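Q: Just dropping this structure here.
Throughout, read-outs are computed from the coordinates displayed, never taken from laboratory work. Bear in mind that the values here come from a model prediction, so they are computed numbers and not experimental data. Backbone-built Cβ (ideal geometry, glycine too); neighbour counts: all protein chains shown.
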Amino acid sequence: MPISTEEFYSILASRMQASSIREILKIIQSSKVISLAGGMPDPATFPATELKMVTQKVLTENNAQALQYSSTEGLKQLREFLLDYLLPENRKETLENIIICSGSQQGLDLVGKVLLDPGDIVIVELPSYLAALNAFHSYGGETVGIPMDDEGMKMGCLRETLNQLSKDGKKVKFIYTISNFQNPAGVTLSLVRRKELLVIAREFNLFILEDNPYEKIRFEGEAIPSIYSLDEDDRVISLGTFSKILCPGLRMAWIIGNKKIIEKIVIMKQATDLCSPILNQLIVNKYCRNYDLDKNIASNVEIYRQKKDVMLKALNKYFPAEATWTKPEGGFFVFATLPEYIDTDEMFMDSIKAEVAYVSGSPFFANGKGKNTMRLSFCYPSKEDIEEGIRRLGGVIKDRIRK
Ligand SMILES: Cc1ncc(COP(=O)(O)O)c(C=O)c1O
């Protein structure tokens, strides 16, 4: 008799569901459907020729190191590069404040592993990055959402919620925020709110986990200091990644923060994968030292800015007047809100019939709301496909608008 797997799963594993985004991507990969669903970078932004040369050099010069195990903390030279690149000259951080990890997704997982016990609360934005919610849930963390407006998380609601949770005897461990061009909402946390967030975190004695993969993909407006850079009490843990500024295939990312937290993360990462691939660390390090990363980013930003413009223009042209959407100053996503009576989950199969895909919004909402919302990505499809995809989707939505 074949073994029945269900009875063997841990309680936490039985609760975890397949990501609807991944399932959707599987359906549409080999079809004519225009996908506005996935958040993959445009391959035109990958410096493939340079990476090929760098890889060859790394393997020629130092294959004994490149193909070996390495330290859990990550390649010293790459960590030094990152500290110099990301932080001001008079910085307080040392190599003990930074660890290389395999994608910031692993960073989310490791922070969950270090900080969460089953039943602990993580405060998240409404909506928030689905795979982060899953990472926290996989350690038994419970996510409580705070609504956002154009300036990000609403601080009044945050304070109210924290007071209520404290009255209910709940243990809140950290506040998770995607501070720039949020996934999925495209919203950026304003400077005033970043400062307020730090005050609140201090008042309630909480960590802040700042996930910042899109910071450098800014199309317009002034860059805002990261919450990490404004923190004076060592309570912000910062996640960054090469996925959106170089390429995601190498799975290279970093965590910077409190030495003691990094020390624990190192211990926990040993149980996860011993170390991130040293070959990839050497490749990224050599790339960053031999080429101009900022120049590459600047040309990529231009590609994404043009795609964002095409999407916003097409939304104006093809979406019904009843719909609204965010106007991101950077990043990969627009978030659209339809009239309350339209359920984007239920509309999904009609849109596949019309050969266009999006991600319905509700899985991003920790409170199960957002049924009338959708995430639209402009990062991967061509400009022509963005225009055509929004035209098709506009038609599907218009068919559901009540007269
Ligand atoms: C907000 C956010 N965090 C983390 C990740 C994971 O990125 P990676 O693991 O490629 O570094 C993503 C990817 O889309 C993201 O949007």
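Q: Per residue of region 378-387, in order, report the coupling 6.51 cos²θ - 1.76 cosθ + 1.60 (Karplus, θ = phi - 60°) as ³J(HN,Hα) in whole Hz, putting x for Gly and Pro.
A: 10, 6, 8, x, 5, 4, 5, 5, 4, 4
Q: Please list 3J(HN,Hα) in residue order for region 43-60, calculated via the Karplus relation 6.51 cos²θ - 1.76 cosθ + 1.60 where θ = phi - 60°; whole Hz, with x for glycine and proline.
A: Karplus-based 3J(HN,Hα) across region 43-60 equals x, 4, 8, 7, x, 5, 4, 5, 5, 5, 5, 5, 4, 4, 4, 4, 6, 6 Hz.
Q: Oh, and also: Which whole-number value in Å³ per residue fits the convex hull of the alpha carbons of region 238-321?
A: Spread over its residues, the Cα hull of region 238-321 gives 157 Å³ apiece.
Q: Using modelled amide H (1.01 Å from N, peptide plane; none on Pro or chain starts), what sits under 5 Å from the amide H of Glu142, excluding residues fewer than 5 places away?
A: Residues meeting the amide H criterion: Gly119, Asp120, Ile121, Val122.
Q: While we're looking at this one, here's another question. Ordered by packing density, taken as the mean number of other Cβ atoms within 10 Å over each peptide's residues, highest first, how do 250-256, 374-380, 341-347 rank?
A: On the way: 250-256: 23.3, 374-380: 24.9, 341-347: 16.4.
In decreasing order of mean packing, 250-256, 374-380, 341-347 become 374-380, 250-256, 341-347.
Q: While we're on this one: Could you tell me which of rounded, prolate or oblate describes region 41-184, using a ≥ b ≥ c as the square roots of the eigenvalues of the alpha-carbon gyration tensor, with rounded for a/c under 1.5 and, failing that, prolate when a/b is larger than b/c and oblate otherwise?
A: Details: a/c = 2.29, a/b = 1.99, b/c = 1.15.
Prolate, because a/c is 1.5 or more and a/b exceeds b/c.
Q: Contour minus end-to-end for Glu6 and Val192, with contour as 0.36 nm per residue of separation and end-to-end as the Cα-Cα distance?
A: On the way: separation 186, 0.36 × 186 = 66.96 nm, distance 4.85 nm.
My answer for the length gained is 62.1 nm.
Q: If you build a Gaussian network model of the chain, linking Cα atoms that sit under 10 Å apart, which residue out of Thr94, Thr188, Thr45 swings the most?
A: Highest fluctuation of the listed residues: Thr94.
Q: Shape call for the chain from the C-alpha gyration tensor, a ≥ b ≥ c root eigenvalues: rounded (a/c under 1.5), prolate (a/b greater than b/c) or oblate?
A: Numbers: a/c = 1.45, a/b = 1.20, b/c = 1.21.
Rounded shape, in that the Cα axes give a/c under 1.5.
Q: Which values of log₁₀ I(q)/I(0), to two decimal places, follow from the Debye formula for region 190-238 at q = 0.17, 0.23, 0.26 Å⁻¹ with a uniform point scatterer at every Cα?
A: Summing over Cα pairs of region 190-238 leads to -0.50, -0.84, -1.01.
Q: Right, something else. Please compute the length gained on full extension between Asp117 and Ala13, using 0.36 nm multiplied by the number of residues separating them and subtracting their Cα-Cα distance. Mind showing how you got there, number by number?
A: Details: separation 104, 0.36 × 104 = 37.44 nm, distance 1.51 nm.
Here the answer is 35.9 nm.
Q: Additional query: Answer with one residue from Ile100, Ile390, Phe181: the one whose Cα lies farthest towards the positive end of the charge dipole of the chain, charges on Cβ with Lys, Arg +1 and Asp, Glu -1.
A: It is Ile390.
Q: Another question, then. Karplus couplings for region 184-193 from phi (6.51 cos²θ - 1.76 cosθ + 1.60, θ = phi - 60°), rounded to Hz, Gly and Pro as x?
A: x, 7, x, 8, 10, 6, 6, 4, 4, 6
Q: Another one. How much length, in nm to one decimal, is gained on full extension between Glu151 and Met268, taken as 0.36 nm per residue of separation minus their Cα-Cα distance?
A: Values: separation 117, 0.36 × 117 = 42.12 nm, distance 3.50 nm.
Using 0.36 nm per residue and subtracting the Cα-Cα distance, I get 38.6 nm.
Q: Using a 10 Å cut-off on Cβ atoms, rank the peptides 300-307, 313-320 from the highest mean neighbour count down. Please report the intermediate quantities before stating the final value.
A: On the way: 300-307: 17.8, 313-320: 16.1.
Listed from highest to lowest mean packing, they are 300-307, 313-320.
Q: While we're here: Just the number, please: percent antiparallel of the DSSP beta bridges in the chain, rounded to the nearest 5.
A: Numbers: 21 of 40 bridges.
Roughly 50 percent of the beta bridges in the chain run antiparallel, per DSSP.
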